[in-house]
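Asks: Have a look at the structure that comes next, please.
Where a number appears in this text, it was derived from the coordinates with a stated rule and is not lab data. These numbers were taken from a predicted model, which means no experiment stands behind them. Positions of Cβ are generated from backbone atoms using ideal geometry, with glycine treated the same way; all protein chains shown enter the neighbour counts.
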Amino acid sequence: MSSSIAFIGGGNMASAILGGLLRAGRPVGSLQVVEPFEAQRERLAQQFPGLRCLAGAEASLAQAGLVVWAVKPQLFAEAAAPCAGLVGGALQLSVMAGIRSTAIVRATGSERVVRAMPNTPALIGRGIAGLYARAAVSPADRVEVEAVLAPTGATLWVEGEDDLDAVTALSGSGPAYFFYVVEAMMTAAQQMGLSAEQGRRLALATCGGAAALGLQSEDSPTLLREKVTSKGGTTHAAISSLQAEGVGEAIQRAVLAAQRRARELGDEFGN
């Protein structure tokens, strides 16, 4: 792994990666973060004692073998400008939604660009990140990116950069869909006489257990659903209601809407 890693941006995703690296034994002295917002720098300094937190780009960035871009898409151009002459020799890892690799190449001067689309379960080491690499990225570079992201969860490489829009729609935004369903289950729990806390515990434990079962089982999600859906039973009544309301089709439309928006953000900020 690179002897020095620089983060441009110190928000939640950068913090998740930083925390994972430190838990894995990475020396804090080999890490630095450029974060222009003072309150965020103070939070990082408290969370990660000894971490070098910079208000702006400094010459020390030139020592980084890996640069992690973790700013909001609309701030990328502004954040990249002062770094441009310092980071061209480094491997670039972007966790920014919508900023395409060609824009990162132009901004940094490096063709070694990997784009990642993580999701919020990375904060507890249970995320999954879709990864795309430009042609100049070597097998060793890929291994390094996987090692950097490993403490945050799983990784999945895709062949085309456009595939990241689908990853964004499915897993990047996916936790919000899950919590939306949990909210509805909690409301139903209260309508049936349970407390909000009882509904929360039951819904989250059930959904988390179902996800774990799906990951460990060789059966498809369809078969797993059918195994608990006895004709005429309670689950059959619920599934029949969902089907009558077109919930499956609505979810499909929602994911496709997220994909379209990911493309629009790329057109707006990422070229």
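Asks: Specify the residue that is surrounded by the fewest Cβ atoms within 10 Å (Cβ to Cβ); the eligible residues are those in region 132-167 that are in a strand (DSSP E or B) and in contact with a Lys or Arg (Cβ under 7 Å, 6 or more places away or on another chain).
Replies: Within region 132-167, the first condition is being in a strand (DSSP E or B), and the residues that meet it are 132-133, 153-157.
Filter once more, so that each one left must be in contact with a Lys or Arg (Cβ under 7 Å, 6 or more places away or on another chain): 132-133, 153.
On the way: Tyr132: 22, Ala133: 23, Gly153: 19.
Per the stated criteria, the residue is Gly153.
Asks: Given Pro49, Pro73, which one is in contact (Cβ under 8 Å) with a residue 12 or more places away in the chain and surrounded by fewer than 15 Cβ atoms within 10 Å (Cβ to Cβ)? Show your work before the answer.
Replies: Details: Pro73 fails: surrounded by fewer than 15 Cβ atoms within 10 Å (Cβ to Cβ).
Going through Pro49, Pro73 in turn, just one is in contact (Cβ under 8 Å) with a residue 12 or more places away in the chain and surrounded by fewer than 15 Cβ atoms within 10 Å (Cβ to Cβ): Pro49.
Asks: What is the one condition in (1) surrounded by fewer than 19 Cβ atoms within 10 Å (Cβ to Cβ); (2) outside any helix (DSSP H, G or I) that Leu170 does not satisfy?
Replies: (2)
Asks: Name the residues in region 37-60 that are in contact with a Cys (Cβ under 8 Å, 6 or more places away or on another chain) and either part of a loop (DSSP other than H, G, I, E, B) or closer than 13 Å to Ala79 by Cα (or both), would you?
Replies: Answer for region 37-60, where residues must be in contact with a Cys (Cβ under 8 Å, 6 or more places away or on another chain) and either part of a loop (DSSP other than H, G, I, E, B) or closer than 13 Å to Ala79 by Cα (or both): just Ala57.
Asks: Kindly establish whether Pro82 is under 15 Å from Val34 (Cα atoms), touching a residue at least 24 places away in the same chain (Cβ under 8 Å) and either part of a helix (DSSP H, G or I) or touching a helix residue (DSSP H, G or I) at 6+ places or on another chain (Cβ under 6 Å) (or both). Walk me through how you get there before you give the answer.
Replies: Values: under 15 Å from Val34 (Cα atoms): yes; touching a residue at least 24 places away in the same chain (Cβ under 8 Å): yes; either part of a helix (DSSP H, G or I) or touching a helix residue (DSSP H, G or I) at 6+ places or on another chain (Cβ under 6 Å) (or both): yes.
Yes; evaluated as a whole, the condition is true for this residue.
Residue-by-condition table, conditions (1) part of a helix (DSSP H, G or I); (2) touching a residue at least 60 places away in the same chain (Cβ under 8 Å):
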{"position": "Gly209", "(1), (2)": "yes, no"}
{"position": "Asp219", "(1), (2)": "no, no"}
{"position": "Thr222", "(1), (2)": "yes, no"}
{"position": "Ser230", "(1), (2)": "no, no"}
{"position": "Ser240", "(1), (2)": "yes, no"}
{"position": "Ile251", "(1), (2)": "yes, yes"}
{"position": "Glu268", "(1), (2)": "yes, yes"}
